[in-house]
1. Determine which single condition Glu37 fails, assuming it passes every other condition in (1) touching a strand residue (DSSP E or B) at 6+ places or on another chain (Cβ under 6 Å); (2) at pLDDT below 95.
2. If you check Leu206 against the conditions, is it of a type in the set (A, V, I, L, M) and more than 25 Å from Gly165 (Cβ to Cβ)?
3. Working carefully through the options Asp40, Asp51, find the one that is of a type outside the set (A, V, I, L, M), outside the structural domain of Leu188 (by TED's automatic domain parsing), without any contact (Cβ under 8 Å) to a residue 12 or more places away in the chain and within 16 Å of the ligand (Cβ to nearest atom).
4. Of the residues Gln12, Gln66, which is more than 10 Å from the ligand (Cβ to nearest atom), touching a residue at least 40 places away in the same chain (Cβ under 8 Å) and outside the structural domain of Asp186 (by TED's automatic domain parsing)?
5. Kindly indicate whether any position in segment 223-245 is closer than 27 Å to Gly104 by Cα, at pLDDT 95 or above and part of a helix (DSSP H, G or I).
6. Testing Asn103 on (1) closer than 24 Å to Arg157 by Cα; (2) touching a residue at least 40 places away in the same chain (Cβ under 8 Å); (3) within 13 Å of the ligand (Cβ to nearest atom), one condition comes back false. Which one is that?
7. Identify all residues within segment 75-101 that are among the aliphatic types (A, V, I, L, M) and out of contact with any Lys or Arg (no Cβ under 9 Å at 6 or more places or on another chain); write none if there are none.
8. Could you go through segment 161-182 and let me know if any residue there is farther than 30 Å from Gly26 by Cβ and more than 16 Å from the ligand (Cβ to nearest atom).
Amino acid sequence: MTYKLYYWDGLQGRGEFVRLALEEAGADYVDVARGDESEDLGTGAMMALLDSPDEAHPPFAPPFLQDLQEGGLIIPQTANILFYLGPKLGLAPRGEPLRYVANGLQLTIADAVTEAHDTHHPLASNLYYEDQKDAAKTRAHDFIDHRIPKFMRYFERVLAQNPAGDTYLVGDALTYVDLSMFQLIDGLMYAFPRGTRRFSTHYPRLVALHDRIAERPRIAAYLESDRRTRHNEACVFRHYPELDKAGR
Ligand SMILES: N[C@@H](CCC(=O)N[C@@H](CS)C(=O)NCC(=O)O)C(=O)O
């Protein structure tokens, strides 16, 4: 085994952005929290590492990755994990300059993910959704009316203006950023089916990219497998009908 991925069991969450890259590359990895306690896996093993007083570089929160080929080095933060894994998995742009462009896009995707999370937790992450429903509605409707269009118009423009053509977001070959864009669009479509109904009209290149990614043989097999947790209301992308509304 080469990599251990640490992320909460039972939801796609931010771990899914890393999982998609590992799956596309056919990497040798284990999803620690989903594993069996008898094999020193499971959520207990993840918590033990998070709280370990002996870990040289302790992570703050899942997801984090452990590279067993590098003495068990721990890499935290979704975008940073993908920046690290990209070249090793053949999913980074060729050449250093474009790797920073890819990282910039990945960080922008992370911003969009955080804003999607904040639609159902606008006041405090520690409060239940049920304790902040009114604010959530205001935040979600603003997200649908203003923030989703701003993010998606930008990503559509990135794809349209790619000097290497509009098949991939960066360069002329698949990168982890394309896989993450699939996940962002997939999550938004799940959470806000009404708000995203006109996506293919407004963002045709992005929707085509999403559909192409879903059809890649390893991704298609993964999406059908029981390794892909279904979208649910424990995730960053939650479908609460009362937060959804028609998009512009
Ligand atoms: N910026 C981090 C955010 C990590 C994060 O918020 N992880 C969540 C799960 S998706 C968590 O467990 N947070 C615990 C906490 O913030 O206390 C990333 O992109 O990886």
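1. With respect to (1) touching a strand residue (DSSP E or B) at 6+ places or on another chain (Cβ under 6 Å); (2) at pLDDT below 95, Glu37 is out only on (1).
2. Criteria not met by Leu206.
3. Asp51
4. Exactly one residue qualifies, and that residue is Gln66.
5. Quick first cut of segment 223-245, residues closer than 27 Å to Gly104 by Cα only: 223, 228, 231, 235-238.
If we keep only those that are at pLDDT 95 or above as well, we get 223, 228, 231, 236-238.
From the residues that got through so far, the ones that are part of a helix (DSSP H, G or I) too are 223.
Within segment 223-245 (the criterion being closer than 27 Å to Gly104 by Cα, at pLDDT 95 or above and part of a helix (DSSP H, G or I)), the answer is yes, since at least one residue qualifies.
6. All conditions are met except number (2).
7. At the first step, the residues of segment 75-101 found to be among the aliphatic types (A, V, I, L, M) are 75, 79, 81-82, 85, 89, 91-92, 98, 101.
Answer for segment 75-101, where residues must be among the aliphatic types (A, V, I, L, M) and out of contact with any Lys or Arg (no Cβ under 9 Å at 6 or more places or on another chain): Ile75, Ala79, Ile81, Leu82, Leu85, Leu89, Leu91, Leu98, Val101.
8. yes
The values are calculated or read from the model by the stated rules, or taken from the named source; none is laboratory data. Bear in mind the structure is a predicted one, so any value in this text is a computation, not a measurement. Because the Cβ atoms are built from the backbone with ideal geometry, glycine has one as well, and the counts that use them run over all protein chains shown.
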